[in-house]
Amino acid sequence: MMDTEELEVLCLGVRARTIVVDKDLVARIEADAEEYRRLRDELETPLPPDDVRARLWLFGWLIYETSWLLTNQVRPGFETLSEIDERARSMGAADLVSRLYQASVPLGWPELAPRALGAVRAAALVASKRDTARGYADAWQLHRESRIKYVLFEENLVAEDAAYLTALRETQLQLLLAETGTACRVAERLLTGWAEDVESGLRSPREETRWLQDIFRDLTTGAARGGEALDLVARIEAMGGLVESVGADRMALATAYRNPGIMTARALLLLLPVSFMLERQKRVPSGGHATWAEARNALFERFRASYRAVESDVRRGDGTTWELLPDHARSVVQLRLTAALLAPGSTLPSRLSFAQCLEIDHLGDEAVEALSSWLAEPGSDGRQRGDANVIGSATMPAYLREIGEMRRTFGVDGGYASWRRRWHMLDRSAADGGRRARVERALDAVDGL
């Protein structure tokens, strides 16, 4: 079995990307997991010896870090990638994630290795990356499993050292975000790849309504989980504060409000247009509201609150500002652009200053052009800063129709299709052959867009 010193070196090395996670390391983890299970059966005690307890803590962290690194090596739609080498790499990484998940379930005294729950998150995200109905279903099943295990672990840790509860809650934060991420990822994949799916025969135009209903349900859940994540950050902060670096003792950084804020805001903006379809179907308004108009207002206010969490002032120990990561900065602009196109004329003040486009609080035409320009411009690496996410890439006519409907509630009729044509480079698949023609057909299928 790996001792505490080796485990900590491996954890830090994997996190720093200086140690390669391969089948040999995974095999060692599997062997140790089996040994922990053997010890549990052999000792038949509620708690392990102190030396085993110390190793379990770090062993859970190693499973967390290795499974997360491998998850990021799996490309979307990996089972059907045309590039043979890339498909093989993704399939190999996905297989190792599956092995780590199996190694963590069950683990001897699992509640004493709380970070090992990260393997369930990794397995769920890899399942969703299969981009198949079965993959999405498997992902949601794994998310449900993670929630059940969290509750069981929390009950078993009530009498334990507070450090274990903190570690469990820090891990739960990532499990909640994974649920939000799955909801957003499935919606984004379907809405942006719809034209290609119909052209290939994978989907039928007759399925649009059903998929939008599923998307609304899943995004509602995802947004709720994101809200829970924001609340959990506050609990963790109140319990023991947030930290400046990840280590053996703590994981929740001072920036911990940012990613949940981004993910929750994404989910809320994605589901807002679908509410118009449900209203026409005379469905009961979501959130217990009397009307769909009230429900939409509440959803948009939740978006604003989530967005404010992203912009929360974060300081390092020396008092300097903790700047946004480049990915988060791009997400801020994408969120503002989406809000400007869905709710033209609304206001969204910003306290950030990394780009001039953030100075425009009124989300009208000026803001749309400024935000679009920032995304289209080259960044420090010389490449385009980003795309416009779903608002600039959706090709499902039914969803496009609801975008137009939402804009009309803000007094704007038309203008979205012309923006799409003008800023085609912000389509996430703009470089794909035949993409512009498919986008044109989708836009032409909707009147008054």
What order do you get for 36-43, 120-127 when each peptide is scored by the mean count of other beta carbon atoms within 10 Å, highest first? 120-127, 36-43
Theoretical gain in end-to-end length, His328 to Ser82 [0.36 nm per residue, Cα-Cα removed]: 85.5 nm
Where the centre of each part is set by its Cα atoms, how far does the range 399-430 sit from the range 210-247, in angstrom? 29 Å
What's the center-to-center distance, using Cα atoms, between the range 161-179 and the range 74-112 in Å? 22 Å
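Computed from the coordinates by the stated procedures, all read-outs in this text should not be read as laboratory data. From a predicted model like this one, the values you see are computed outputs, not experimental measurements. FYI the Cβ positions are ideal-geometry reconstructions off the backbone, even for glycines, and counts take in every protein chain you see.
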